[in-house]
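Enquirer: Structure incoming, see below.
The values are calculated or read from the model by the stated rules, or taken from the named source; none is laboratory data. Note that the structure is a prediction, hence the values are computed from the model and not measured. Here the Cβ positions follow ideal geometry from the backbone for every residue, glycine too, while neighbour counts run over all protein chains shown. What goes into the accessible areas is simple: the full protein's heavy atoms, side chains included, and nothing from ligands, DNA or RNA. Shrake-Rupley method; radii C 1.70, N 1.55, O 1.52, S 1.80 Å.
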Amino acid sequence: PNVGIIEFSENTHPIPAALAIAERAKEWCEANRTVEDLVTPSPKVLLVLEEAHTLVPEWNFNPERQHQATVSQISQVVLQARKYGLGFCIVTQRTANVTKSILNQCNTIFSFQAFDETGFDFLTNYIGREYVRALPSLKERHGVFVGKASSSHRPLIVKFNDQRRRVRADPI
């Protein structure tokens, strides 16, 4: 698979840049949709929003109010994305600070050790109060996994394998 990484310069505001990238990805997916995709949409592009609380902040955590409308536009792209084969992976340490209109579109959740009470409020709806209470005491590399990507209908506490990385001698 092809991978592209976009890192914003210090001169680029991340919220409007995230909108531009999301819109462009949706346009590409829509233009490259097949007849079969109309019946059964298949994934074509996955956008990972790392540090999502800076890209799609909840309105009361947005330090720059003029970008609230832009966050709403990104939310609309996320709401429409699946039918075009565009998926989003939302990565954040602060679910309380990410707009709920996007978080509510997540159909699979991995939650690792956490202590933030406001994040617990959101997660309780997805993983249940018992699992939320377990989050502060999870061991390293353990997490709660729930959603459509799981074959279980209940949340699971899982251990993730250590990733072995090879360092390339030649730069790409």
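Enquirer: Scan segment 110-120 for residues that are farther than 19 Å from Phe160 by Cβ, outside any loop (DSSP other than H, G, I, E, B) and open to solvent by less than 90 Å² (accessible area, probe 1.4 Å) and jot them down. I'd like the intermediate steps shown before the answer.
Expert: Here is the first cut: in segment 110-120, the residues farther than 19 Å from Phe160 by Cβ are 115-120.
Filter again for outside any loop (DSSP other than H, G, I, E, B), leaving 117-120.
Thr118, Gly119, Phe120, listed by residue number.
Enquirer: Still on this structure, please answer the following. For Thr95, indicate whether it is touching a Gly at 6+ places or on another chain (Cβ under 9 Å), of a type in the set (Ser, Thr, Tyr) and surrounded by 13 or more Cβ atoms within 10 Å (Cβ to Cβ). Walk me through how you get there before you give the answer.
Expert: Details: touching a Gly at 6+ places or on another chain (Cβ under 9 Å): yes; of a type in the set (Ser, Thr, Tyr): yes; surrounded by 13 or more Cβ atoms within 10 Å (Cβ to Cβ): yes.
So Thr95 passes the test.
Enquirer: Take Val45 and decide whether it is under 17 Å from the mean Cα position of the chain (by Cα) and open to solvent by 20 Å² or more (accessible area, probe 1.4 Å). Even if it seems obvious, please write down each step before you answer.
Expert: Details: under 17 Å from the mean Cα position of the chain (by Cα): yes; open to solvent by 20 Å² or more (accessible area, probe 1.4 Å): yes.
Criteria met by Val45.
Enquirer: Continuing with this model, one more query. Being surrounded by 11 or more Cβ atoms within 10 Å (Cβ to Cβ) and in contact with a Leu (Cβ under 7 Å, 6 or more places away or on another chain): is that true of Ser75 here?
Expert: Details: surrounded by 11 or more Cβ atoms within 10 Å (Cβ to Cβ): yes; in contact with a Leu (Cβ under 7 Å, 6 or more places away or on another chain): no.
No.
Enquirer: Something else: Restricting attention to segment 1-27, which residues are open to solvent by 100 Å² or more (accessible area, probe 1.4 Å) and in contact with a helix residue (DSSP H, G or I) (Cβ under 7 Å, 6 or more places away or on another chain)?
Expert: Residue satisfying the conditions is Ile6 alone.
Enquirer: What is the residue count in segment 125-143 for residues that are at pLDDT 90 or above and closer than 26 Å to Ala81 by Cα?
Expert: 1
Enquirer: Mind listing whichever residues of segment 126-172 are part of a helix (DSSP H, G or I) and among the basic types (Lys, Arg)? Outline the logic, then answer.
Expert: The first filter runs over segment 126-172 and keeps only residues part of a helix (DSSP H, G or I), leaving 126-127, 129-137.
Hits for segment 126-172 are Arg129, Arg133.
Enquirer: What do you reckon, is Leu123 under 26 Å from Ser150 (Cβ atoms), open to solvent by less than 50 Å² (accessible area, probe 1.4 Å) and either of a type in the set (A, V, I, L, M) or in a helix (DSSP H, G or I) (or both)?
Expert: Details: under 26 Å from Ser150 (Cβ atoms): yes; open to solvent by less than 50 Å² (accessible area, probe 1.4 Å): yes; either of a type in the set (A, V, I, L, M) or in a helix (DSSP H, G or I) (or both): yes.
It is true that Leu123 is under 26 Å from Ser150 (Cβ atoms), open to solvent by less than 50 Å² (accessible area, probe 1.4 Å) and either of a type in the set (A, V, I, L, M) or in a helix (DSSP H, G or I) (or both).
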